[in-house]
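Chemist: Provided herewith is a single structure, encoded as structure tokens, for subsequent inquiry.
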Amino acid sequence: MRKTRIWPEPRIVVIGGGTGTSTILRGIKEYTNQITAIISVMDDGGSTGRLRKDTDMGAPGDLRNCLISLSNSDDLIKEVLDYRFSEGELAGHSLGNIFITALYGIFGDFNEAILQTGHILKVTGKVLPVTLDNVNICAKLLDGTDVEGESNIPEASHIRNSRIDRIYSKPEKFDILEEAKDEIMNADVVILGPGSLYTSIIPNLLAEGMVKSLQATQAKVVYVANIMGQYGETENHTLKEHYEAVISHSKSDIIDYVIVNNGIIDTKIIEKYEKDFSYPIPYDNSDIEYLKNSNIKVIETPLVRVKNGVIRHDADKLAQIIFNKILKGD
């Protein structure tokens with residue numbers, strides 16, 4: 001059931017990729033139809049990576065997840081497109097990824113393939129690739145090692161016990177999709193994250209025109225911090241270090257709000273995550289003061305939702321903050 005309506009409906013843009021983005025979209029769609037998800041298309045692992053090797057298109061996987069999150073179609077259709085084969089030559093492939101690839105073959109345009117998939121799924125709003133260029137991301141580790149490919153970066157960082165210094169792209173320059181730029185400029189709120197800091201959020205910031213658009217927009221720009229650090233990417237990174245990584249790949253004046261979880265997580269759940277070198281993101285008063293001194297409004301609130309032992313952001317609580325607090329300028 002649709003939550004409290006605001007008229008005219010606010011225009012919300014979410015920039016990211018991965019599970020975090022698709023999760024919060026489910027909450028936002030209950031408050032407005034004016035949603036645009038701008039998604040990184042640089043994943044090179046799994047089904048997505050295999051399909052990219054056979055075509056010159058961007059990665060379809062995260063786009064597929066966001067389309068399904070925003071879908072209003074029959075549950076069976078969503079389940080079918082989310083189906084993953086387990087046997088034969090198709091083993092590991094998602095039917096949705098193959099479907100998008102087929103539409104790309106028909107139209108010869110990646111954005112059109114995503115648009116048509118959205119029509120079939122009857123999505124609320126729209127889902128856009130950040131670029132139509134075929135781009136891979138690379139990382140420079142603090143020990144000087146260069147790592148190419150999104151799927152290789154966390155493993156290399158963990159094994160070498162060397163943090164990521166910076167993310168860059170091959171080719172070095174790629175253009176933001178013009179429609180994505182327009183949506184940012186016309187937005188009321190732009191949300192960065194949650195999601196993999198170095199492999200889902202920051203890659204979007206590398207697109208030519210993205211940072212300038214975030215600087216120029218009249219929208220309130222919100223960074224939603226992850227609840228847990230990630231293997232090889234942000235092991236033991238503080239809230240301040242997350243923010244600094246975003247700023248070091250963009251500009252210091254793009255973010256207006258930071259939302260961070262202060263809810264308590266069950267010890268048994270944390271112990272399970274620790275086996276994969278994933279820990280709650282630490283922060284204290286010094287992190288908060290640092291952000292406030294950077295002219296950032298910080299919102300600390302319980303955001304943890306645990307389902308089947310997996311920690312996620314509570315999509316509805318996050319949406320309530322966006323619509324009932326940030327849009328009102330509190």
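The values are calculated or read from the model by the stated rules, or taken from the named source; none is laboratory data. These figures come from a predicted structure and were not determined experimentally. Cβ placement follows ideal geometry from the backbone for every residue including glycine, while neighbour counts extend to all protein chains displayed.
Chemist: What residue, of 262, 204, 226, is buried (at least 20 other Cβ atoms within 10 Å of the Cβ), modelled with pLDDT of 95 or more and touching a strand residue (DSSP E or B) at 6+ places or on another chain (Cβ under 6 Å)?
Modeler: Answer to the selection: 204.
Chemist: Would you point out which residue out of 289, 244 is within 23 Å of the chain's Cα centre (by Cα) and acidic (Asp, Glu)?
Modeler: Among 289, 244, only 244 is within 23 Å of the chain's Cα centre (by Cα) and acidic (Asp, Glu).
Chemist: Could you tell me whether any residue of segment 287-310 is buried (at least 19 other Cβ atoms within 10 Å of the Cβ), within 17 Å of residue 197 (Cα to Cα) and in the same structural domain as residue 226 (by TED's automatic domain parsing)?
Modeler: no
Chemist: Given 123, 190, 135, which one is within 27 Å of residue 24 (Cβ to Cβ), of a type in the set (A, V, I, L, M) and either assigned by TED's automatic domain parsing to the domain that holds residue 78 or surrounded by fewer than 17 Cβ atoms within 10 Å (Cβ to Cβ) (or both)?
Modeler: Testing whether each residue is within 27 Å of residue 24 (Cβ to Cβ), of a type in the set (A, V, I, L, M) and either assigned by TED's automatic domain parsing to the domain that holds residue 78 or surrounded by fewer than 17 Cβ atoms within 10 Å (Cβ to Cβ) (or both) leaves just 123.
Chemist: Could I ask something else about it? Please determine whether any residue of segment 136-152 is among the polar types (S, T, N, Q) and under 29 Å from residue 325 (Cβ atoms).
Modeler: no
Chemist: For segment 149-160, check the following and say yes or no: at least one residue is hydroxyl-bearing (Ser, Thr, Tyr), touching a residue at least 12 places away in the same chain (Cβ under 8 Å) and touching a Ser or Thr at 6+ places or on another chain (Cβ under 7 Å).
Modeler: No: segment 149-160 contains no residue that is hydroxyl-bearing (Ser, Thr, Tyr), touching a residue at least 12 places away in the same chain (Cβ under 8 Å) and touching a Ser or Thr at 6+ places or on another chain (Cβ under 7 Å).
Chemist: Also, I was wondering about something else. Which residue, of 208, 178, is among the acidic types (Asp, Glu), in the same structural domain as residue 318 (by TED's automatic domain parsing), touching a residue at least 24 places away in the same chain (Cβ under 8 Å) and within 20 Å of residue 254 (Cβ to Cβ)?
Modeler: Every option except 208 fails the conditions.
Chemist: With the requirement that a residue be assigned to a strand (DSSP E or B) and of a type in the set (A, V, I, L, M, F, W, C), what does segment 225-266 give you?
Modeler: 228, 258, 259, 260
Chemist: Right, next: Does segment 241-259 hold any residues that are crowded, with 22+ Cβ neighbours inside 10 Å and farther than 18 Å from residue 210 by Cβ, and which are they?
Modeler: The answer is 242, 258, 259.
Chemist: Continuing with this model, one more query. Wholly within segment 1-118, which helices (runs of 4 or more DSSP H) include no fewer than the required count, namely at least 1 residues that are more than 24 Å from residue 180 (Cα to Cα)?
Modeler: Helices (runs of 4 or more DSSP H) meeting the threshold: 46-54, 75-81, 95-107.
Chemist: Go through segment 111-129 and give me each residue that's over 17 Å from residue 74 (Cα atoms) and free of Cβ contacts under 8 Å to residues at least 60 places away in the same chain.
Modeler: Matches in segment 111-129: 112, 113, 114, 115.
Chemist: Restricting attention to segment 119-165, and to residues there that are among the hydroxyl-bearing types (Ser, Thr, Tyr) and in a helix (DSSP H, G or I), which single residue is modelled with the highest pLDDT?
Modeler: 157
Chemist: Quickly run through segment 133-148 and pick out the residues that are without any contact (Cβ under 8 Å) to a residue 40 or more places away in the chain and not polar (S, T, N, Q).
Modeler: 138, 140, 141, 142, 143, 144, 146, 147, 148
Chemist: Is it true that residue 179 is over 17 Å from the mean Cα position of the chain (by Cα) and surrounded by 14 or more Cβ atoms within 10 Å (Cβ to Cβ)?
Modeler: So residue 179 passes the test.
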